[in-house]
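Trainee: Okay, handing you the structure first.
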Amino acid sequence: MTFKIRGFTSDVPPSSQIKVSKNYWKLKPIKNEEGNFVFTKEAISTLLPGDELVCEILIESPYQFDNLVIEDGMAAGFELIRNDYVYQLHDDQVYDNSDFPIYINKKIYDQLPVLFVSRIEEGENMIRYYLRVRDVGSFYVRPTQAYLMYFPEVRGYSKEYEFNSGR
């Protein structure tokens, strides 16, 4: 008796093929020529409650992948800004190397932002989300973990961070 399985190949990608790096930037609002507010990214020197940050996750992939899950540890004293469509960065560098838009579904599970990404293309892909500092103190941020939903052995990790927020 012989069986054939369709839709699967023996070329399963090896683990740790995704390179993940993460940067945080403080946002500063400025008015552009049209009188609209845009935001510039600044290096973080001090943080105060109410400050807004952008988290940029850069994913380098050797192949085009579908259904990527990004679990990013969020510091305890921070909150996710859900309506991030209002944030337009002044010198926005576009990492779009695809004809298809990247669809990202953002969820929070137990203070853990989970981003479900429909597709990443070969090369560099930038995923952003926005945070607001809520509390005063020292906060640890665990490394970002990115993996394929249906092939979790294909994954990558970023480095960890620590933040200090004062008055």
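The values are calculated or read from the model by the stated rules, or taken from the named source; none is laboratory data. Bear in mind the structure is a predicted one, so any value in this text is a computation, not a measurement. A quick note on method: Cβ atoms are made from the backbone with ideal geometry, for glycine too, and the neighbour counts reach across all protein chains shown.
Trainee: Exactly one of these conditions fails for Ala75: (1) over 13 Å from the mean Cα position of the chain (by Cα); (2) buried (at least 17 other Cβ atoms within 10 Å of the Cβ); (3) in a strand (DSSP E or B). Give me its number.
Mentor: Here Ala75 clears every test but (3).
Trainee: Keeping to segment 135-150, report how many residues are loosely packed, with under 15 Cβ neighbours inside 10 Å and either within 15 Å of Glu71 (Cα to Cα) or in contact with an Asp or Glu (Cβ under 9 Å, 6 or more places away or on another chain) (or both).
Mentor: 4
Trainee: Looking at segment 38-72 only, could you name the residues that are touching a residue at least 40 places away in the same chain (Cβ under 8 Å), in contact with a strand residue (DSSP E or B) (Cβ under 6 Å, 6 or more places away or on another chain), more than 21 Å from Tyr147 (Cα to Cα) and not aliphatic (A, V, I, L, M)?
Mentor: Once the filter is applied, which keeps residues that are touching a residue at least 40 places away in the same chain (Cβ under 8 Å), in contact with a strand residue (DSSP E or B) (Cβ under 6 Å, 6 or more places away or on another chain), more than 21 Å from Tyr147 (Cα to Cα) and not aliphatic (A, V, I, L, M), segment 38-72 yields Phe39, Thr40, Lys41, Pro49, Asp51, Glu52.
Trainee: Given (1) more than 30 Å from Glu153 (Cβ to Cβ); (2) at pLDDT 85 or above, where does Asn83 come up short, assuming only one miss?
Mentor: (2) is the only condition that Asn83 fails.
Trainee: Given Lys4, Lys31, which one is surrounded by fewer than 12 Cβ atoms within 10 Å (Cβ to Cβ), modelled with pLDDT of 85 or more and over 17 Å from Lys159 (Cα atoms)?
Mentor: The conditions single out Lys31.
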